[in-house]
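Single-structure report; data block below.
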Amino acid sequence: MRHVTWRTTGAVTLLAAATLGITTLPPPTSASGADTTYASTARANQGAGDYLVGRGIADVTGEVAEAGMMGYADLGQVSSGLHMRQRARAFVIGDPESDERVVHVLADAGMIFQSVRDAVLAKLEQRFGDTYTERNVMLTATHTHAAPGGYSHHTLYNITTLGYHGKTFRALVDGIVTSIERADADLAPAELSVSTSELTNANVNRSKTAFDRNPEADKAHFPGGVDTRSTTLQVRRDAPDGSTSLDGIINWFPVHATSMSTDNTLVSPDNKGYAEYAWERLARGVDYVEDSRDPGFVASFAQTNAGDMSPNLNLRPSDGPTTDQFENTRIIGTRTYDAARRGLGDDRSLAGGVDSRIVYVDFANTAVRREFTPDGKPHSTCPAALGASFAAGSTEDGGGGLPIFKEGKDGGNPAVATISEALYTASPALRACQAPKEILLPVGALDMVQQKLPVQLVRIGDLYLVGVPAEVTVVSGLRLRRAVAEAVGTDLDNVLVQGYTNAYAHYLTTPEEYDAKEYEGASTLFGRYELPAFMQTVADLGAAMRTGVDVPLGAKERDRSALQLPSPQGAVVADAPPIAKKYGDVLTAPAATYRPGDQVSVTFAGAHPNNDPHHEGSYLTVERRVSTSSAAEPRWQRVADDSDWSTKLHWARYGVAASKVTITWDVPDGVEPGSYRIRYFGDARSLLGNVRAISGTSPTFTVVD
């Protein structure tokens, strides 16, 4: 794979920040370009090397054309181009005294499946031996619903992608591994601190009816049913000029990455990805190609208990703050970024090393002790099953729901009762265990989902991350945090739930929420007492961590990698240009002149983008002509690429083998007037399977004030 070399100037970066929606200007910087204005008193008295921290970013963009997307379970949502690239962001945090390390990776993906985790761990073992293992590697996802799927080894999740997508799987695995390798190579003495802020206009409870069933003592933590807490881990290291610079952050805030609706078919990291882009590229000038091995700054915007937290503030898909899904993505991402920045000046230092524990639990059959159940009696989980309301989808965020099913009403379809009754007759025990859920699909018995699941606890100083392979509601998160805080002997505020971690098992609701039969409860796979089983597990992990006791890994599910059936989606037999055209020819030229706020559009005779994902490169550039004093060829300076918010690449099949590639650029306010052009970079496959690079360049156009 190849990439195009370029560099963005500081002026272009500041221009982008001013024109693409960043509402908080970057603070003053040191000569190194690093944030230095928020030094706290506590940190000023701390040594400069309490931890070793390394950071890494790598491209994980999957198949941007003809691949089913993961999240909405909508057969019609098939990728048709690229808005912004997917990336993995890794932080390796080590204790210099004990040699212990922990790894936190956030990928711009819908989910992390066990298939991905196992492949990543296998590659890490080949590369690093026993340095990075099951115990200390935490893999998480932003949960964007606008990225390609098909990378699970469990059949339920590959239905809407018509099978397994090996290219997307390898892109995600290889990119995660590369991000960890780069973080390992980047290790340096660092100070860590934690800050918090409140963010009140970026999420809403999409399952308030279920939330309201919880006890008053739990609901009191979340006025209006919303978790507004934004938590940021700050990494500060010595800068070349001798100052201490902010080199990276991990932020946790609960909001679904569903600002982009099921109608969108352009690959996008959604609101979390925009927050990352805002801090890295717009505020700090990170060039994802030139700086891929040394980005200078890394910003991960991770999820916590986001199961019932929607960005669609008016509780309708693509509705709130506006009715435009792209603008909603930008606004929610900007608000998330701004909240993290607001908290920087009020942080507390971390100290005390790092630690980790992990265990695999068979949640299809877990006995739950009485101290973790609402009624004080022992109970059990049961084999995984999806309820009728699962088929309705989340009406607030949209998705592949069927109109004959309704949330909270046993599916609203008499046929569901017939199906459930037949299942119950075959298995009265399943009926009793899953009650009051009306079972639609016994996915455990059908071996369609993972039932032996990893549960992880990571400690960074006195900050504890509870790694849960599920979409955790806010009250479920509160109870998990309480269980860990009590077990390890710390304050509740020192414990965070890290959702969407290491595997995927749908939702995790409280027993009270489960009874409401909403979408989230119907998607709580292992019955009414699944949350108590998780509470018991994390409390046991906490007790083991506090006493320094190792935990047996437990039994994992069998390897299913050899059973995957390749999807016919996105397969490229051969490319061909349109009749009487060559690859790279301009089919639709830009206008002669544009002003800020206009959209430039150019269509090229292209090829299928799945031939080469152009990892850490770009399918496109927007370039400005730079004046030179010589008579040599004019010099062109890149001002945008396919990592930028202002560009989009739309792909469409033309005839049998031809492709049309349309590239658009939204001209920002304040852009420097001058001559511009758009370039396209692709790859064409011959009938013999040979792939060669192709390119095209638009006619020059002018941007005026």
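The values are calculated or read from the model by the stated rules, or taken from the named source; none is laboratory data. A quick note: this is a predicted structure, and the numbers were derived from the prediction, not measured. When we count neighbours, we look across all protein chains shown, and the Cβ atoms used for this are built from the backbone with ideal geometry, even at glycine. Areas reflect the complete protein model, heavy atoms only, side chains present, ligands, DNA and RNA absent. Shrake-Rupley method; radii C 1.70, N 1.55, O 1.52, S 1.80 Å.
Listed by first and then second residue, the pairs linking a residue in segment 686-700 that is closer than 19 Å to VAL656 by Cα and of a type outside the set (Gly, Ala, Ser) to a residue that is part of a loop (DSSP other than H, G, I, E, B) and open to solvent by 60 Å² or more (accessible area, probe 1.4 Å), with Cβ atoms under 8 Å apart and 6 or more places separating them unless they lie on different chains, are LEU687/VAL573. For segment 240-260, taking the residues that are of a type outside the set (Asp, Glu), open to solvent by 10 Å² or more (accessible area, probe 1.4 Å) and not in a strand (DSSP E or B), the one that is modelled with the highest pLDDT is identified as SER243. The condition of being over 20 Å from SER380 (Cβ atoms), buried (at least 24 other Cβ atoms within 10 Å of the Cβ) and either under 28 Å from the mean Cα position of the chain (by Cα) or modelled with pLDDT under 95 (or both) holds for only one of GLY527, GLY521, GLY570, that being GLY570. Taken over segment 184-218, the residue count meeting the criterion of being in a strand (DSSP E or B) and closer than 24 Å to THR510 by Cα is 2. Return the residue satisfying two criteria in turn: it lies in segment 278-308 and is in a loop (DSSP other than H, G, I, E, B) and of a type in the set (Ser, Thr, Tyr), and of such residues it is nearest to ARG481 (Cα to Cα). My answer is THR304.
Filter segment 668-705 down to the residues that are within 19 Å of PRO577 (Cα to Cα) and touching a helix residue (DSSP H, G or I) at 6+ places or on another chain (Cβ under 8 Å) and list them by number. If the condition is that a residue be within 19 Å of PRO577 (Cα to Cα) and touching a helix residue (DSSP H, G or I) at 6+ places or on another chain (Cβ under 8 Å), then GLY682, ASP683, ALA684, ARG685, VAL691 are the ones that fit. Among the residues of segment 195-217, those that are open to solvent by 10 Å² or more (accessible area, probe 1.4 Å), touching a residue at least 40 places away in the same chain (Cβ under 8 Å) and over 23 Å from ASP319 (Cα atoms) comprise THR196, SER197, ARG213, PRO215.
Scan segment 366-398 for residues that are within 18 Å of TYR514 (Cβ to Cβ), out of contact with any Gly (no Cβ under 9 Å at 6 or more places or on another chain) and not in a helix (DSSP H, G or I) and jot them down. Correct list: THR366, VAL368, THR373, PRO374, ASP375, GLY376, LYS377, PRO378, LEU386. Restricting segment 223-238 to residues that are open to solvent by less than 10 Å² (accessible area, probe 1.4 Å) and among the hydrophobic types (A, V, I, L, M, F, W, C), the residue that is farthest from ASN203 (Cα to Cα) is VAL235. Where strands (runs of 3 or more DSSP E) fall wholly inside segment 59-173, the ranges with 2 or more residues that are in contact with a Gly (Cβ under 6 Å, 6 or more places away or on another chain) and within 25 Å of THR262 (Cα to Cα) are 65-68.
Of all residues in segment 627-656, those satisfying the criterion of being at pLDDT below 95 and in contact with a Pro (Cβ under 9 Å, 6 or more places away or on another chain) are SER627, THR628, TYR654, GLY655. Residue count for segment 219-239 under the criterion of being polar (S, T, N, Q) and assigned to a loop (DSSP other than H, G, I, E, B): the result is 1.
Looking for whichever is within 18 Å of PHE211 (Cα to Cα) and at pLDDT 95 or above here; the options are GLU512, GLU486. Which one fits?
Values: GLU486 fails: within 18 Å of PHE211 (Cα to Cα).
After applying the criteria, what remains is GLU512.
Taking segment 85-136 as the range and being open to solvent by 10 Å² or more (accessible area, probe 1.4 Å) and among the acidic types (Asp, Glu) as the test, the residues that pass are ASP95, GLU97, ASP99, GLU100, ASP118, GLU125, ASP130, GLU134. Residue-level analysis places LEU423 outside the set of residues that are modelled with pLDDT of 60 or more and either part of a strand (DSSP E or B) or out of contact with any Asp or Glu (no Cβ under 8 Å at 6 or more places or on another chain) (or both). Within segment 80-107, residues that are touching a residue at least 24 places away in the same chain (Cβ under 8 Å) sit with their Cβ atoms under 6 Å from residues that are hydroxyl-bearing (Ser, Thr, Tyr) and open to solvent by 30 Å² or more (accessible area, probe 1.4 Å), at 6+ positions apart or across chains, in these pairs: SER80/THR265. Among the candidates GLY345, GLY376, GLY333, the residue that is of a type in the set (Gly, Ala, Ser), within 30 Å of ARG284 (Cα to Cα) and modelled with pLDDT of 95 or more is uniquely GLY333.
Does ALA171 count as within 18 Å of PHE301 (Cβ to Cβ) and not β-branched (Val, Ile, Thr)? When the stated conditions are applied, ALA171 does not pass them.
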